[in-house]
Amino acid sequence: MREGETPPHLVRRGNQGMGYFTDLSVLITGGSGSLGHQLVEQILPQHPERLIIFSRDEWKQNEMRQRWPDNPGASIRYFIGDVRDKDRLHRAFTRVDVVIHAAAMKQIGSCEYNPWEAVKTNVLGSQNVIEAAIDREVNRVLFISSDKACSPAQLYGTSKKISEHLAIQANAYSPDGTKFSVCRYGNVVGSRGSVVPLFQKQKLTGTLTVTDPRMTRFWMTLPEAFNLIQHALTHMRGGEIFIPKIPSMRILDLTQAIAPKAQIKVTGIRPGEKLHEALLSPDEIHHTVDTGEVYVVQPLHPWWTTRTGEGQPLPEGFQYTSDVNPWFLTVDELRAKLAYAPEGVTA
């Protein structure tokens, strides 16, 4: 983008004016997952010019097509592709304004057993997204990260941490063009791979398996994840990590919310599993601000123009971990949040 030009995301090609995504061309990598379904559900009513689902899972895309057909006149499109394939990304990013990068290998065990595959998807795939976005002059790219990237204890978290660094410093390669930022959040109610579907299945047996009864986790719904993503895209200047203010839950309270009469079997913490989760590391506290709605980790090495002076510095000794979070969900509140679980997962 040349100096003085209006950024493409602010140039509206129609007059609906219904929301951030109105008239924009949006691409979601890994778009056939649980988050992708929520993004489609929320973005389509805003009338984007195009909404592209980019993923390597043909079956999941076909399932989505049954609900959101890509017939003539529809704004949704389905692209089979892998973030490991830079040429395919380069083609898919043609005339795209916004990329939401959600594709990743996420299962801790799979990443540990197949470490190089995890690196190829989570690290090299992220670099491919960056290069294709810069080459195709995409306006904004938002990386979806995980609480596992904060002080990582296993390969999945480590690969996501590297992905965060790649996204932040990519702004140095495109100081007046493509902007890159990150959303980092915790567990999402009922998403694929979360404990909720497992507990729902185990409820039928009368016994739920818990690795450690002291365990706590951050907790949010898919609509809340969408709100964070839209907020980040609206406010990003490049290089920030946006972190939501969300509640924690105790694992035993979750078992009570789902199956209060079930027995609890303690199996022991799995390799790489944390007793509690963190969304801000001690080192990040010093360059994080509270904007009122979210916490924003500012880039440490911004060789580009970024925001300054927005938000309040965090107090000395501040912690943001799931065990010291003053906002814990009650059993009844957990049941209410379970109503937002996708694919019929409810209490």
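The values are calculated or read from the model by the stated rules, or taken from the named source; none is laboratory data. It should be emphasised that the depicted structure is a prediction, and the values quoted were computed from it without experimental measurement. Cβ coordinates were reconstructed from backbone atoms using ideal geometry, including for glycine residues, and neighbour counts include every protein chain displayed. Ligands, DNA and RNA are excluded from the accessible area calculation, which covers all protein heavy atoms including side chains. Shrake-Rupley method; radii C 1.70, N 1.55, O 1.52, S 1.80 Å.
If I take R0 = 41 Å and measure r between the Cβ atoms of THR207 and ARG95 in this structure, what FRET efficiency does the formula 1/(1 + (r/R0)^6) give, to the nearest 0.05?
Details: r = 53 Å, r/R0 = 1.30.
Calculated value: 0.15.
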Multiply the residue gap between HIS286 and ALA153 by 0.36 nm, knock off their C-alpha separation, and tell me the result in nm, one decimal place. 45.7 nm
DSSP bridge orientation in the chain - percent antiparallel, rounded to nearest 5: 30
Could you work out how much longer the chain between TRP116 and ILE80 gets when fully extended? Use 0.36 nm per residue separation minus the Cα distance between them, nm to one decimal. 10.7 nm
Distance (nanometres) between label positions extended 7 Å along Cα→Cβ at ASN71 and ILE269: 5.4
I'd like the FRET efficiency for ASP135 and ARG50, computed as 1/(1 + (r/R0)^6) with the beta carbon distance as r and R0 of 25 Å, rounded to 0.05. 0.85
Out of the total accessible area of the stretch 109-224 (probe 1.4 Å, heavy atoms of protein only), what percent is carbon and sulfur? 56
Between the stretch 258-335 and the stretch 173-205, what is the separation of their alpha carbon centroids in Å? 14
If packing is taken as the average number of other Cβ atoms within 10 Å across a peptide's residues, how do 73-80, 129-136 rank, most packed first? 129-136, 73-80
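Any idea of the accessible area per residue across the stretch 218-347, 1.4 Å probe, to the nearest Å²? Don't jump to the answer; show the numbers that get you there.
Values: 6380 Å² over 130 residues.
That works out to 49 Å² per residue.
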Of LYS161/LYS274; LYS201/LYS245; LYS106/LYS261, which sit over 21 Å apart, Cα to Cα? LYS201/LYS245; LYS106/LYS261
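Hey, got a sec? Which trypsin sites (Lys or Arg not before Pro) in the stretch 239-330 land in a DSSP loop and have at most 11 other Cβ atoms within 10 Å?
Qualifying residues, ordered by number: LYS261.
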Net charge near THR207: determine it from the other residues with C-beta under 14 Å of the C-beta of THR207, scoring Lys and Arg +1 and Asp and Glu -1. +4
Picking from LEU198, LEU142, LEU124, which is most flexible by a Gaussian network model of the chain using Cα springs under 10 Å? LEU198
